[in-house]
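Below is one structure, written out as structure tokens; comments come after it.
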Amino acid sequence: MKRVDHHAGSNAVGTEGIMQAIWSHLALPPPIGELPDDLPPWIRQHDAALTLSGNPDKVSWRDNARMLERAMAESPHDQRLSVMWALNLYARLLQSMSEPDQWLSQHEWQAIEREIEETSLSVLGELPQMPEMGLAVAKLLLFVNNEHTALAESLVDQALRHGSAFATAAALRGEIAAIEGDIDAACQLYDEALELAEPGTEFFIYLMLLKAGALRAGNRLDALQALAERLRITAPLAHARLGLLLAPELNEGHMNRTVAGAALTSAVATHMLQLLYNVFGRRFKKLEHRRNIMNAPIAAFSAAFGDEVVSESIRSGVSDQA
């Protein structure tokens, strides 16, 4: 009996080891020599978890956290895993909009962002030994603080000197252009990346949403409507979850579709406005662009639930003194 139990345990451990090896192969970017259309590390990691779990809600951060915890225990000095951990924290923030029963408070959100920023800055000296992570660090720094654009741009330049991940680099340069206020350049760069992305993939959807944010910020509502319709066909789940961003004009029908799986209450409206601001609105340096992202949802939700649904951080970010 002892021998049978030991053998069964070995099988379980062996299966876990195989799954871990598959995850590592799928999630970690190659050391050098990326192809022009290679996926960004944050998309690779997301896709790896979905491939192994088949999660229909496309929530990957929990599965990736388990894999990363095991990998970091086995290789505690591998700084690539520190970057991947920060990328998974970034995924947790984004995917919180898909889990309305477990939304993060603004305090929790800010604590996670601080950890992302601290981790990203702490590995800068290690990037010459892991150049494949340069684009990931650039992405993380852009997300947590729009004052890191110069550093992020230098990281993109450095990464391209070591590889050829042109689609990812174009997307990051598009983000930088959008942050700095050049909407035309941002959309052109996103289009260059989209030409290298396979329609319907997670990377394609990610690029479409970045472009949607730029179009909304630039008040290009006709182009936004065309993009939203294309996204509705190719990625209905993403389209349903981002109605506040994608709808050129908000009406009661759109408001009822902004929250998947949650009744639209005052508390939900508060969370949705904060998520929209955290993920899209605050990232634009120009006041006009932040207002173009936020004003219509603020007006719609304030009319429905009162001014208290708008947090102080949002109100400050769209005020004349911002």
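The values are calculated or read from the model by the stated rules, or taken from the named source; none is laboratory data. Small disclaimer: the values here were computed from a predicted structure and weren't measured. So basically every Cβ, Gly included, is an ideal-geometry build from the backbone, and we count neighbours across all protein chains shown. What goes into the accessible areas is simple: the full protein's heavy atoms, side chains included, and nothing from ligands, DNA or RNA. Shrake-Rupley method; radii C 1.70, N 1.55, O 1.52, S 1.80 Å.
Extending 7 Å from the Cα toward the beta-carbon at both residue 315 and residue 225 defines two label points whose distance is 3.4 nm. Projecting the Cα atoms of 123, 163, 214 onto the dipole axis of the stretch 123-260, where Lys and Arg carry +1 and Asp and Glu carry -1 at the beta carbon, places 214 farthest toward the positive end. Placing +1 on the Cβ of every Lys and Arg and -1 on the Cβ of every Asp and Glu, with no other charges, gives the stretch 44-146 a dipole of roughly 180 debye about its Cα centre. Quick one: with all protein chains in place, what share of the accessible area of the stretch 149-206 is carbon or sulfur, to the nearest percent (1.4 Å probe)? The nonpolar share, carbon plus sulfur, comes to 49 percent. I'd like the carbon and sulfur percentage of the solvent accessible area for the stretch 36-132, probe radius 1.4 Å, heavy atoms only, ligands and nucleic acids excluded. Answer for the stretch 36-132 is 49 percent, counting heavy atoms of protein chains only.
Computed from point charges on the beta carbon alone (+1 for Lys and Arg, -1 for Asp and Glu), the dipole magnitude for the chain about its Cα centre is near 440 Debye. One compactness figure for the stretch 132-183 is 1.01, namely its Cα radius of gyration divided by 2.2 N^0.38 Å. Think of a 1.4 Å ball rolled over the protein heavy atoms: the chain then has 46 Å² of accessible area per residue.
One Cα centroid belongs to the stretch 125-171, the other to the stretch 265-322; the line between them spans 29 Å. The HN-Hα couplings worked out from phi for the stretch 204-219 by the Karplus form 6.51 cos²θ - 1.76 cosθ + 1.60 (θ = phi - 60°) are 4, 5, 4, 5, 4, 6, 4, 5, 4, x, 5, 5, 5, 4, x, 6 Hz, whole numbers, x standing for Gly and Pro. Shown for the chain: lysine pairs separated by 8 or more places, or found on different chains, whose C-alpha atoms are under 19 Å apart, numbering 4. Diagonalising the gyration tensor over the Cα atoms of the chain and scaling each eigenvalue by 5 before taking the square root yields semi-axes of 34, 24, 19 Å, largest first. Divide the volume of the convex hull around the Cα atoms of the stretch 70-126 by the residue count and you get 82 Å³ per residue.
For the stretch 14-135, dividing the convex hull volume of the Cα atoms by the residue count gives 119 Å³ per residue. When each of the peptides 86-99, 113-126 is scored by how many other beta carbons lie within 10 Å of its residues on average, the order from highest to lowest is 86-99, 113-126.
For the stretch 36-85, the percent of C-alpha pairs falling in each 10 Å distance bin, counted from 0 to the bin holding the largest distance, reads 25, 49, 24, 2.
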